[in-house]
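Structure in structure tokens, see below.
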Amino acid sequence: MSADLQDRAAQAIEMLAAAGADDAWATAGQSRDVEFNYRDGALEKVKDTTSQQLAVQVYAKGRYSSHQTTDLNPDRLAGFLKEAVAITGALEPDDQRAVTSAELFANRPEADLDLVDSTVEALDRDQRMAWCVELDGAARQHERVISATSAVYDGTQTQASASSNGFSGVQESTYCWLGANVTLSDRGERRAADGFFAGSSHVGDVPDAGEVAGTALKRALVRLDSEKGPTGKTTMVVDSRVAASLIGRLMGPAYARSVQQGRSFWADLIDQEAFSSKLTIIDDPLIVRGLGSRHYDSEGISAKVLPIVEQGVVKNIYVDTYYGRKAGMTPTTGRPSNRRIDPGEHSLADLLGAAGEGVYVTSWLGGNADGTTGDFSLGLRGHMIENGEIGRPVGEMNVTGNLKDLFTRLDAVGNDPYPYSTTLAPTLVFSDVDFSGV
Amino acid sequence: MAIKRRDFLGQMAAGSAIVTMPAFLPGCGVNQATQMATPTPENPFMTWFGVDEAVITRVMTELTANGADTADLYFQHQRTNNLSMEDGIVSRANSGISQGVGLRVVIGEQTGYAFTEDLTLESMLAAARTAAAIASGTGLVAPQAFNPKKTGDLYSIELPWADVGIDQKLPILKHVDAQARKGDPSIQKVSVNWSDSDDRVMIATLDGHLIMDHRPMTRLTAMVTATRDGETQSGYSNIAARQDFSWYTEERINNMVEEAVDRTLILFEAKRPPAGEMPVILAAGASGILLHEAIGHGMEADFNRKGTSIYSDMIGKKVAEPFVTIVDQGTIPKERGALNYDDEGNECGRTTMVENGVLRSYLHDSISSRQYKVGATGSGRRQSYQYAPMPRMTCTFMEDGPHTKDEIIASVDHGIIAETYTNGQVQIGAGDFTFYVKNGWLVEGGKITAPIKDVNIIGNGPEALKRISMVANDAKLDTGGWTCGKNGQQVPVSQGIPTVLVSTMTVGGENVS
């Protein structure tokens, strides 16, 4: 399959050149995805699909455009690529646009990242059904369960890229995830609900189905009788499972594009001691079996470990080739891979104990952040921290502040990075945070 | 240089027996609505997808080989074009074609789904066999003829987007940029994004219907960044509709740009309100996001048939004051959320979710309407051929009430007005919902006193409905480009509301010590 995709990408480059492109980039992709949903003792949905697409980037007469199609009929594809070049010609010239320089392809890592598990392709209906039945049984192990939906997702993704200046590469990965969402009857018409999903590139690394669904049920059970907590300024302990989302908000404008467009609070932070010294964020594309691991990024830039923040000092941001040129910055990569947040020494229990009181956040609900200023306001659910322990469940609350300011008040990080995410974040503890509730 | 899409399609057709540029005249197919009309290869949608009735029958037979309560083939060809302008030049375009057929079998509450992008008989039969594996009964006799339903006219357009060249769009982006820069000397950066699409779907159903719909869409967005005394602020505005090129009048564009500039400049003065519970006035228009999150999702029947929504046992109950009526209506012409037919081929209509304060009807797809033994509400939607449909909103709004905007503001001693939004979310079971207020105002002593910014508001659906204490008579629909996400599927929606007072909700903000 990967040889076919490489041919398809290479042919697209030839066809674009013939149509008048000066330079071009092409990526041919294929994926197989299978999804089983099982609800309350019966199979609910089976989705089994194979999908193909071709994406191209065209550089012609100092102009640039990008295009993608799922219609790979050879005659129509030829017309599509011809049109892509013609569309490019109708734009305004932009002298900052150029295909990725071949120097950035150099030193591509060769280490085996072990992202493909051949047993994923061999999974059959019986195995998926066995997981579903096990998930369903464990998820409904309580008299207050109204409904539980379990799911198994697995598949294979393959992408081959080629460029007019000699790039060629194939990346393939497999995935297999299990999980369940559980809804319980709560007071009045309310339902308490939560879920848990876990997965890996390798079937052997996927945790036991009964454990996964048991975690989902436990997470739903602790939501029972949740009430609004108090308005006030206090300590915030962010559970490792949802810390990645907060890190994502922080990193949202850490891109050359945002900086060059004047929409990033990171603009003035480079080389500065901007955040708490407890914060270290490393973009690491080379983690074996990592969910975001790769040998090269979507522009073909060879993967390397990139420190973003080291002990509070901003070392790098994400710089792609185009905005790098516009902003006068050296390209790093325009796309995050895995993010490792350096863990601390203490467990969640220790951190809650040290906090004494505050709010322990276990999920977010909506909210947003302004990337230009860093101002944020997020909905949350979790628990009050009472006498250093997890106390009563709370919800319908907001946390509000400024991200730049919040991360100067990161007082501690846990020793418990959450594994089922491309951002491997531990528990995070912040002091003096504004909550609104009752 | 003038780029006319038709010229390129002409080239594309040269080597191909399948794709031509069918004349998608407004109202095409109207004459085929007669009973038992036999679609011929002249049917432009069949031509477009390169299939005929015999092929559809053959695939439907394979799809229902193990039995089915319902089954459908969802053919789709979507062409999108995007243009963007930054730093004074229109130097980026993107075009995309998304084409394929989704095949679905439903038996009871069970769904088998597959799709293929390769519209050859062989590939479609293989996908049909995959989807059919959900069932294990005896095969059905597929319809030998598919009766075309009358083509809808909610968003018939004069000129398909395929025929509008980049040379025509480019001056609009330039105008937006120039107009925004004129807005204030502090404006440093302007970016403009244009998008248009022609989406053609053809749905063949097990009961022998053939539904064809051409769904245009366009959206224009302006983002503005301004700097004053070393402080930088940015904001944006956009407009979207199922319209054609003629919709973009200078006045409409200028209004949108002015909004983007105003929303940005006010941020220099805006502060966070105090944190906590307070009365919230929802400004008319985009505040319809409250309805979308606080009740709309909870009324989608899939959650209710599973018992997972807070509204599962509340039909017929009083949930709000008698002056509260909340509707989901797919048939408002040209709106972003409008649809002639839903993605199961059911005609869209008007569903009253709350009538004079009483909970009336869920939003149904075919699975739930069969289970509840009620008529379809035309709410079965999907992101594309790659997904099975489920109940979704279209255009959600609240009817006018008995109060006025001035009365509402005057009645609030200490609270806020929420005016513009970026996003919202809901937790269906507990009913907790949030929406993020980008711009708003502080109200003190019945008067607007200062601008506010960047606060999340959180509430509980049924409680917030109960607390709608005043509804004004100035209902309007928002023209922003809203997109709703559910279970990983994105669909365009619209929303609207008159000025409304919710007596208390929890507002994010600062704690003054």
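The values are calculated or read from the model by the stated rules, or taken from the named source; none is laboratory data. Source: prediction; values computed, not measured. Backbone-built Cβ (ideal geometry, glycine too); neighbour counts: all protein chains shown.
Determine which member of the set A:Ser168, A:Ser240, A:Ser163, A:Ser150 is touching a helix residue (DSSP H, G or I) at 6+ places or on another chain (Cβ under 9 Å) and in the same structural domain as A:Thr422 (by TED's automatic domain parsing). Quick ask: steps written out before the conclusion?
Working: A:Ser168 fails: in the same structural domain as A:Thr422 (by TED's automatic domain parsing); A:Ser163 fails: in the same structural domain as A:Thr422 (by TED's automatic domain parsing); A:Ser150 fails: in the same structural domain as A:Thr422 (by TED's automatic domain parsing).
The unique qualifying residue is A:Ser240.
Within region A:269-320, take every residue that is in a strand (DSSP E or B) and among the aromatic types (Phe, Trp, Tyr) and give me the one that is farthest from the chain's Cα centre (by Cα). Lay out the reasoning, then the answer.
Filtering region A:269-320 down to residues in a strand (DSSP E or B) leaves A:270, A:273, A:281-283, A:296, A:302, A:306-310, A:313-314, A:318.
Next cut, among the aromatic types (Phe, Trp, Tyr) only: A:296, A:318.
Working: A:Tyr296: 17, A:Tyr318: 15 Å.
Among residues in region A:269-320 that are in a strand (DSSP E or B) and among the aromatic types (Phe, Trp, Tyr), the one farthest from the chain's Cα centre (by Cα) is A:Tyr296.
Residue under question is A:Val413, and the condition is that it be within 14 Å of chain B (Cβ to nearest Cβ), in contact (Cβ under 8 Å) with a residue 60 or more places away in the chain and either of a type in the set (S, T, N, Q) or over 24 Å from A:Asp268 (Cα atoms) (or both); does it hold?
The answer is no for A:Val413.
Considering only region B:99-118, state which residues are facing chain A (nearest Cβ under 8 Å) and either surrounded by fewer than 22 Cβ atoms within 10 Å (Cβ to Cβ) or of a type in the set (Asp, Glu) (or both).
To start, the set of residues in region B:99-118 that are facing chain A (nearest Cβ under 8 Å) comprises B:99-100, B:109-118.
B:Glu109, B:Gln110, B:Glu117, B:Asp118, listed by residue number.
Condition check ((1) over 21 Å from A:Ile287 (Cα atoms); (2) at pLDDT below 95; (3) not acidic (Asp, Glu)) across all residues:
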{"residue": "A:Phe80", "(1), (2), (3)": "yes, no, yes"}
{"residue": "A:Ala84", "(1), (2), (3)": "yes, no, yes"}
{"residue": "A:Thr88", "(1), (2), (3)": "yes, no, yes"}
{"residue": "A:Glu92", "(1), (2), (3)": "yes, no, no"}
{"residue": "A:Arg97", "(1), (2), (3)": "yes, no, yes"}
{"residue": "A:Thr100", "(1), (2), (3)": "yes, no, yes"}
{"residue": "A:Phe105", "(1), (2), (3)": "no, no, yes"}
{"residue": "A:Asp112", "(1), (2), (3)": "no, no, no"}
{"residue": "A:Leu115", "(1), (2), (3)": "no, no, yes"}
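Here is a follow-up. Against the condition surrounded by 20 or more Cβ atoms within 10 Å (Cβ to Cβ), in contact (Cβ under 8 Å) with a residue 24 or more places away in the chain and within 9 Å of another protein chain (Cβ to nearest Cβ), how does A:Phe430 come out, does it pass?
Against the criterion (surrounded by 20 or more Cβ atoms within 10 Å (Cβ to Cβ), in contact (Cβ under 8 Å) with a residue 24 or more places away in the chain and within 9 Å of another protein chain (Cβ to nearest Cβ)), A:Phe430 does not qualify.
Going through region A:47-80 one residue at a time, which ones are over 31 Å from the mean Cα position of the chain (by Cα) and not aromatic (Phe, Trp, Tyr)?
A:Ala60, A:Lys61, A:Gly62, A:Arg63, A:Asn73, A:Pro74, A:Asp75, A:Arg76, A:Leu77, A:Ala78, A:Gly79, listed by residue number.
Being modelled with pLDDT of 95 or more and out of contact with any strand residue (DSSP E or B) (no Cβ under 8 Å at 6 or more places or on another chain): is that true of B:Ala127 here?
No, not satisfied.
Report, by residue number, each residue of region A:147-182 that is over 28 Å from the mean Cα position of the chain (by Cα) and crowded, with 20+ Cβ neighbours inside 10 Å.
A:Ser147
Output the residue which, of all residues in region A:363-392 that are β-branched (Val, Ile, Thr) and at the interface with another protein chain (Cβ under 8 Å from one of its Cβ atoms), is surrounded by the most Cβ atoms within 10 Å (Cβ to Cβ).
Going through the qualifying residues, I end up with A:Thr372.
Within region B:131-138, can one find any residue that is within 10 Å of another protein chain (Cβ to nearest Cβ) and over 18 Å from B:Gly345 (Cβ atoms)?
Yes, that holds for at least one residue.
Same structure again: How about region B:464-507: which of its residues are acidic (Asp, Glu) and within 15 Å of B:Gly424 (Cβ to Cβ)? Step through it out loud before you land on a result.
Taking region B:464-507 as the starting set, the residues that turn out to be acidic (Asp, Glu) are B:474, B:478.
Within region B:464-507, B:Asp478 is the sole residue that qualifies.
It is to be established whether one or more residues within region B:191-211 are in contact (Cβ under 8 Å) with a residue 24 or more places away in the chain, within 14 Å of another protein chain (Cβ to nearest Cβ) and either hydrophobic (A, V, I, L, M, F, W, C) or in a loop (DSSP other than H, G, I, E, B) (or both).
Yes, region B:191-211 has at least one match.
I'd like the full set of residues that are hydrophobic (A, V, I, L, M, F, W, C), part of a helix (DSSP H, G or I), touching a residue at least 60 places away in the same chain (Cβ under 8 Å) and surrounded by fewer than 24 Cβ atoms within 10 Å (Cβ to Cβ), limited to region B:119-131.
B:Leu121, B:Leu125
Do we have any residue at all in region B:176-186 that's part of a strand (DSSP E or B) and surrounded by fewer than 24 Cβ atoms within 10 Å (Cβ to Cβ)? Reasoning before the result, please.
So in region B:176-186, the residues part of a strand (DSSP E or B) come out as none.
So far as region B:176-186 goes, no, none of its residues is part of a strand (DSSP E or B) and surrounded by fewer than 24 Cβ atoms within 10 Å (Cβ to Cβ).
Tell me, please, whether a residue that is touching a Lys or Arg at 6+ places or on another chain (Cβ under 8 Å) and modelled with pLDDT of 95 or more can be found in region B:276-285.
yes
Do you know which of the residues in region B:71-92 that are surrounded by fewer than 24 Cβ atoms within 10 Å (Cβ to Cβ), modelled with pLDDT of 95 or more and among the small types (Gly, Ala, Ser) is farthest from the chain's Cα centre (by Cα)?
Once the filter is applied, the top-ranked residue is B:Gly88.
State whether the residues of region B:433-453 include one that is within 12 Å of chain A (Cβ to nearest Cβ), without any contact (Cβ under 8 Å) to a residue 60 or more places away in the chain and surrounded by fewer than 20 Cβ atoms within 10 Å (Cβ to Cβ).
No, region B:433-453 contains no residue that is within 12 Å of chain A (Cβ to nearest Cβ), without any contact (Cβ under 8 Å) to a residue 60 or more places away in the chain and surrounded by fewer than 20 Cβ atoms within 10 Å (Cβ to Cβ).
Please determine, by comparing only the residues of region A:193-219 that are within 14 Å of another protein chain (Cβ to nearest Cβ) and free of Cβ contacts under 8 Å to residues at least 40 places away in the same chain, which one is nearest to B:Asp432 (Cα to Cα).
A:Ala193
Residues that are closer than 30 Å to A:Thr362 by Cα, within 14 Å of another protein chain (Cβ to nearest Cβ) and not β-branched (Val, Ile, Thr): does region B:360-376 have at least one?
Within region B:360-376, not a single residue is closer than 30 Å to A:Thr362 by Cα, within 14 Å of another protein chain (Cβ to nearest Cβ) and not β-branched (Val, Ile, Thr).
Do you know which residues across region B:472-491 are in a strand (DSSP E or B), of a type in the set (Gly, Ala, Ser) and away from chain A (no Cβ under 14 Å)?
B:Ala472
So, one more: What are the residues in region A:309-359 that are hydrophobic (A, V, I, L, M, F, W, C) and over 30 Å from A:Ser431 (Cα atoms), if any?
Across region A:309-359, the qualifying residues are A:Val319, A:Ala327, A:Met329.
When you go through B:Ser494, B:Ser469, B:Ser503 one by one, which is the residue that is small (Gly, Ala, Ser), farther than 20 Å from B:Pro333 by Cβ, in contact with a Lys or Arg (Cβ under 7 Å, 6 or more places away or on another chain) and more than 14 Å from every other protein chain (Cβ to nearest Cβ)?
Working: B:Ser494 fails: farther than 20 Å from B:Pro333 by Cβ; B:Ser469 fails: in contact with a Lys or Arg (Cβ under 7 Å, 6 or more places away or on another chain).
Exactly one residue qualifies, and that residue is B:Ser503.
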